[in-house]
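Novice: The following block contains the structure, expressed as structure tokens.
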Amino acid sequence: MKIEKHRKRQIITSFDTNRDKRLKLNSLFQHLSEIAWEHAKILGVGFEDFHSTNRFWVLNSISVEVNKMPVWQDEVELVTWPSGLLKLFFTREFEVLDKDGEILVKASSTWLIVDRKSMRPIIPRDYDYLEKYALEKTSLTGPVKIEMLSSFDKVAEIRSEYTDIDMHQHVNNSVFIRWIENSISCEVLKDSYYFGIQFIKEMKVDKIADVLLDKNSNKFEIKNSDNKTHVRAIFKV
């Protein structure tokens, strides 16, 4: 089976964009997640393929370099491909191209396969055949690791609600990004930037957590009332 990069044309809709008509960061993540699922299904390791064995994919981290965010009504091409194994992690790359083929956004992600009963990662050797599908790595390839914040300000308190929960019965990854995005200056989000996020602990419905920010390092942490961290993120201009 010859593996090619998976490509999808996408029109940026009004509900994808912010008040400046730019694609929202959390909307970008939704599109990247969707094309990743599509490609996993093509490769025989999609949601339906894992369902019978009580296994599922978990996004561990993703790093994104934004050169220029597309805007409302732009037609872009989303591109994704698997790039190999790093210890327990399966790596996957992304690009968002404009109509002329210019790279607007590039991203790299790390994923785990998790057993639904034990909630523990599956040893990659069970799926090491996926390495034959691996294409090139990028400068971003590898897990995002962010240290615990040593000093911070509380910038928001959030509660997980019904519409934040996905089919895995926890807060969707893009929702965490939306909560953080709402704590970043909209002026900064107009320009090119880097964003990295590490997903640590799932969050269920009707739970309260704080969004914390270290203003010196532009690092974020979302932590619950039990002092458990759900995600850590970093933002650089």
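Novice: Can you tell me how many residues in the stretch 168-220 are of a type in the set (D, E) and in contact with a Lys or Arg (Cβ under 6 Å, 6 or more places away or on another chain)? Full working, then the answer.
Specialist: Of the residues in the stretch 168-220, the ones of a type in the set (D, E) are 181, 187, 191, 202, 206, 210, 214.
Imposing the further condition that a residue be in contact with a Lys or Arg (Cβ under 6 Å, 6 or more places away or on another chain) reduces the set to 210.
Residues meeting the conditions: 1.
Novice: Hey, can you tell me all the residues within the stretch 139-173 that are in contact with an Asp or Glu (Cβ under 6 Å, 6 or more places away or on another chain) and crowded, with 17+ Cβ neighbours inside 10 Å?
Specialist: If the condition is that a residue be in contact with an Asp or Glu (Cβ under 6 Å, 6 or more places away or on another chain) and crowded, with 17+ Cβ neighbours inside 10 Å, then L149, F152, H170, V171, N172 are the ones that fit.
Novice: Going by the conditions given, is L25 within 30 Å of I146 (Cα to Cα) and not assigned by TED's automatic domain parsing to the domain that holds Q198?
Specialist: yes
Novice: Just checking: which of the strands (runs of 3 or more DSSP E) contained wholly in the stretch 179-229 hold 2 or more residues that are of a type in the set (D, E)?
Specialist: Values: elements: 193-199, 208-214, 219-224.
Qualifying strands (runs of 3 or more DSSP E): 208-214.
Novice: Here are some conditions: (1) out of contact with any Lys or Arg (no Cβ under 8 Å at 6 or more places or on another chain); (2) over 30 Å from S217 (Cα atoms). L78 meets all but one. Which one does it not meet?
Specialist: (1)
Novice: Can you tell me which residues in the stretch 70-83 are assigned to a strand (DSSP E or B) and either under 15 Å from V96 (Cβ atoms) or in contact with a helix residue (DSSP H, G or I) (Cβ under 6 Å, 6 or more places away or on another chain) (or both)?
Specialist: From the stretch 70-83, those assigned to a strand (DSSP E or B) are 71, 75-83; that's our starting set.
Passing the criteria: V71, E75, V76, E77, L78, V79, T80, W81, P82.
Novice: Check the stretch 174-181 and report whether any residue there is surrounded by fewer than 17 Cβ atoms within 10 Å (Cβ to Cβ) and farther than 16 Å from K154 by Cβ. Outline the logic, then answer.
Specialist: Here is the first cut: in the stretch 174-181, the ones surrounded by fewer than 17 Cβ atoms within 10 Å (Cβ to Cβ) are none.
No - not one qualifying residue is present in the stretch 174-181.
The values are calculated or read from the model by the stated rules, or taken from the named source; none is laboratory data. From a predicted model like this one, the values you see are computed outputs, not experimental measurements. Neighbour counts are summed over all protein chains in view; Cβ atoms, including those assigned to glycine, are modelled from backbone coordinates with ideal geometry.
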